[in-house]
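Enquirer: Before I ask anything, let me first share the structure, which is written out below as structure tokens.
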Amino acid sequence: MKTQSQPSRRQFIKQTASASVLAITPAIWSKNISLIGLKPKEKMGIALVGLGYYSGQVLAPALQETENCYLAGVVTGTPEKEKVWAEKYGIKDQNIYNYETYDQIADNDDIDIIYVVLPNSMHAEYVIRAAKAGKHVICEKPMASSVEECEAMIKACEDNNRKLSIGYRMQFEPHTQEIMRLGQEKVFGSVKLVNAGAGYREARADHWKLNQEMGGGAMMDMGVYALQAARYVTGEEPIAVTAQSFTTRPEIFTEVDETTMFQLEFPSGALANLHTSFGMGMNYLNVTAEKGWFKLDPFSAYGGIKGESKNGPIDFPQINQQAAQMDGQAMSVMEDKPMQVPGEEGLRDMRVVEAVYRAIESGDQEKV
């Protein structure tokens, strides 16, 4: 779950972008050692953009455990945080930026990857600016506020020959990878039904996640976990969706959904019954197949993932999911290989999210 600071951060948004500057990829480093007298980088430098809860309490600590990358810089709109982060993590003064100096990161060779950890409505702008600055990009989920924004982000990275990945940490987690194998390889036969839910009780009435303009709502935040589960278990893209939205606190949820239930149909005939909420806690994934079943409960918690199948426990070591995610993404950059979770993965999710909202509005089944 990604949590950020209050809506005041939006005052730092700027609409202009700097000229494109291409960063040097590992492949180019290796070809030019004799010319420039430098060695290929052994680790990728990551700059975190937005220093709210997820960056401060989760990503930064995880970067102390990574092998292929390290915390090289930060971008913050809160001057008080600059000194705190510099002292805590030994970040150089020249690697600390604010939202007005953000584009100057193009000139910083310490920073190879920019990790955008901002409110959802700000993802597109800061990913596109990162690509134009010649940096590879990791973007937190959901990828953006619309399909149109997702497509623009992908295009910007392609135009500037930069890699783009989405922060879907679960796809780097071993229990989840086993669930994907069981479903996609039809170990228990074809998947027939996926039941999944992800939610927590949000009590902060003034949080940006309750603000529609900033990309808030249960479906945008926690709903993506359940949606991802249905997609990576079946290995298919849904073709139709129905959906319903409910609230028990209309005085708080005036703009966004508190609880959303949505049902997906897949080309193979598989069905998914999915739930998400800002009103109740839930975290489960149950799969019914032709000749058996398998499940994770919890399935997307930061630690303590537990699994079971018809054949017995699904038992793998518990890992730091964010460290594994960033190590995998950094390795893709270092080896110049496709990202395990590319921008297109976030685009596919957003197509479904938009269909969910259309289905809520129409009360009918909507095509994806």
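Every number in this text was worked out from the coordinates using simple rules, so none of it is lab data. Predicted model, so just to flag it, every value in this text is computed and none were measured. Note that each Cβ is placed from the backbone with ideal geometry, even for glycine, and that neighbours are counted across all protein chains shown.
Enquirer: Sort ARG169, ARG201, ARG358 so the one with the fewest other Cβ atoms within 10 Å of its own Cβ comes first.
Expert: Working: ARG169 24, ARG201 11, ARG358 16.
Ordered from fewest to most neighbouring Cβ atoms within 10 Å, ARG169, ARG201, ARG358 come out as ARG201, ARG358, ARG169.
Enquirer: Is there a quick way to get the dipole size of the chain? I mean about its Cα centre, with the Cβ of Lys and Arg at +1 and of Asp and Glu at -1; what is the value in debye to the nearest 20?
Expert: Values: 37 positive and 48 negative charges, 98 e Å.
Roughly 480 debye, rounded to the nearest 20.
Enquirer: Just want the answer: with Cβ charges of +1 for Lys and Arg and -1 for Asp and Glu, which residue in GLY73, GLY216, ASN160 is farthest toward the dipole's positive end in the chain?
Expert: Value: GLY73.
Enquirer: Using only Cα atoms, locate the centre of segment 153-206 and the centre of segment 327-368, then give the distance between them in Å, rounded to an integer.
Expert: 9 Å
Enquirer: Then there is this: Checking the cross-link filter: which lysines have an alpha carbon closer than 25 Å to that of LYS209, excluding same-chain neighbours under 8 positions apart?
Expert: LYS2, LYS14, LYS81, LYS141
Enquirer: Return the single residue from GLN329, GLN57, GLN184 with maximal mean-square fluctuation; model: Gaussian network over the chain, springs between Cα atoms under 10 Å.
Expert: Highest fluctuation among the options: GLN57.
Enquirer: Take every DSSP beta bridge with both residues inside the chain and express the antiparallel ones as a percent of the total, to the nearest 5. All intermediate terms of the calculation are to be shown ahead of the outcome.
Expert: On the way: 37 of 64 bridges.
Counting DSSP beta bridges with both partners in the chain, the antiparallel share is about 60 percent.
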